[in-house]
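Peer 1: My questions all concern the structure below.
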Amino acid sequence: MRLNPMLACLLNSQPTDQLSLPSRMLAFGDGLFETCLVTRQGLRFASDHLQRLQEGAARLDLVWTGRDQRTLQTDIDTLLKTVKSPAVLKITLGRHAAGRGYDYDPANQQTDRLLQVFEYRPAPWYESGARLVTSPIPASVNAALAGIKHLNRLDSVLARQAARSRQADEALLCDDQGWVVEGSMSNLFYRHDGQWLTPGLKRAGVNGIIRRRWLGSSNNALGIADIRPDDLANCEALLIGNALMGLVRVTHFNDVPLPLADPTELASLQHRIGLNLD
């Protein structure tokens with residue numbers, strides 16, 4: 001496996017190649033992140049990523065003002081001048097506060113901004129289609145954190161390795177009651193009776209950029225439903241998606257071939273979401 005090398009890094013607007021210790025990001029996963037695609041047109045879905053960061057910062061009570069947002073945009077602009085597309089920009093916001101343990105003084109905290117740029121190497125299955133398997137690892141259930149892209153992602157780490165052991169491309173995580181939540185790095189989209197559906201995320205999961213944009217499009221294009229893994233075996237088509245891969249057809253679920261989304265319909269969905277503007 002070839003790793004995507006890091007091309008550049010800024011910590012609070014300063015070039016760096018290391019993270020100072022102690023760090024609440026490292027110790028507790030106390031923060032948020034966004035993984036963004038850099039194209040010839042710039043940062044794809046930039047406003048969506050920045051909006052989700054603001055929402056997540058509010059949920060975690062991170063210090064995040066309009067000035068912080070403008071400084072982050074300046075950092076992004078500075079980095080993007082130094083790299084060629086395509087690339088991946090990872091934006092991490094982490095709480096910086098004194099002390100060793102979980103507690104911190106809310107009046108004496110700041111938010112660190114860590115920006116990293118990596119080479120972008122799309123996986124071959126983005127084009128050919130993904131093999132999806134059910135993960136033995138359940139999604140972490142916590143309604144207070146559901147929807148945001150926080151740094152606590154060990155369930156996804158373990159699920160990805162479970163998928164690798166089965167020669168699959170993506171793992172499907174369910175909650176503790178057996179309801180489908182998401183993929184380890186993607187949201188799920190399921191076609192049933194001519195309607196595209198996606199699982200609800202009230203208890204667990206990440207409200208991904210593709211999911212947000214699809215739900216925000218017109219004409220009730222995407223519904224929210226409770227889905228069991230057995231439902232997927234009888235689907236009309238299955239897609240997974242995130243900000244890097246876009247929308248990818250699922251060709252197999254637990255080694256069973258699936259019907260594929262019609263190419264014309266897939267192209268229409270990509271247009272609806274804005275994936276054809278690069």
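Bear in mind these aren't lab numbers, they're just calculated from the coordinates by the rules spelled out. Quick caveat, the model's predicted, so the values are computed rather than measured. Cβ atoms come from the backbone with ideal geometry, glycine included; neighbour counts cover every protein chain shown.
Peer 1: Hey, which aspartates and glutamates would be in cross-link range of residue 149, C-alpha to C-alpha under 12 Å, not counting anything within fewer than 8 residues on its own chain?
Peer 2: Result set, ordered by chain and number: 30, 34, 55.
Peer 1: Mind pulling the angle between the C-alpha long axis of helix 66-80 and the longest principal axis of the chain? Nearest 10 degrees, somewhere in 0 to 90.
Peer 2: Approximately 70 degrees, to the nearest ten.
Peer 1: Right, something else. So, counting K/R as plus one and D/E as minus one, what does the shell of residues with Cβ under 11 Å around residue 12 add up to?
Peer 2: Once all neighbours under 11 Å are counted, the net charge is -2.
Peer 1: Considering the chain as a Gaussian network with a 10 Å cut-off on Cα pairs, which listed residue, 27, 97, 159, attains the greatest mean-square fluctuation?
Peer 2: Greatest mean-square fluctuation among the candidates belongs to 27.
Peer 1: Just round it to a whole percent: the fraction of Cα-Cα distances in the chain exceeding 22 Å.
Peer 2: On the way: 22672 of 38503 pairs.
The calculated P(r) of the chain puts 59 percent of pairs beyond 22 Å.
Peer 1: Where does the range 8-111 land on Rg(C-alpha)/(2.2 N^0.38 Å)?
Peer 2: Taking N as the residue count of the range 8-111, the ratio is 1.11.
Peer 1: Suppose R0 equals 51 Å. What FRET efficiency, 1/(1 + (r/R0)^6) with r the Cβ-Cβ distance, do residue 18 and residue 228 give to the nearest 0.05?
Peer 2: Approximately 0.65, to the nearest 0.05.
Peer 1: Could you tell me which trypsin sites (Lys or Arg not before Pro) in the range 10-91 are loop residues by DSSP with no more than 12 other beta carbons within 10 angstrom of their beta carbon?
Peer 2: 40, 81, 84
Peer 1: Can you tell me which of 94, 216, 205 moves the most in a GNM of the chain? Springs connect C-alpha atoms under 10 Å apart.
Peer 2: Comparing 94, 216, 205 in the GNM, the peak value goes to 216.
Peer 1: Let me ask something additional. If you take the beta carbon distance between residue 74 and residue 7 as r and set R0 to 22 Å, what does 1/(1 + (r/R0)^6) give as a FRET efficiency, to the nearest 0.05?
Peer 2: 0.75
Peer 1: So what's the angle, to the nearest 10 degrees on a 0 to 90 scale, between helix 263-273 and the longest Cα principal axis of the chain?
Peer 2: Orientation of helix 263-273: about 30 degrees from the principal axis.
Peer 1: In terms of Cα to Cα distance under 19 Å, which aspartates and glutamates are near enough to residue 84, apart from those fewer than 8 places away along the same chain?
Peer 2: By straight Cα distance, residue 84 reaches 75, 119, 278.
Peer 1: Select from the range 39-136 those chymotrypsin sites (Phe, Trp or Tyr not before Pro) which occupy a DSSP coil region and have at most 13 other Cβ atoms within 10 Å, ordered by residue number.
Peer 2: Here the sparse-neighbourhood loop sites are 102.
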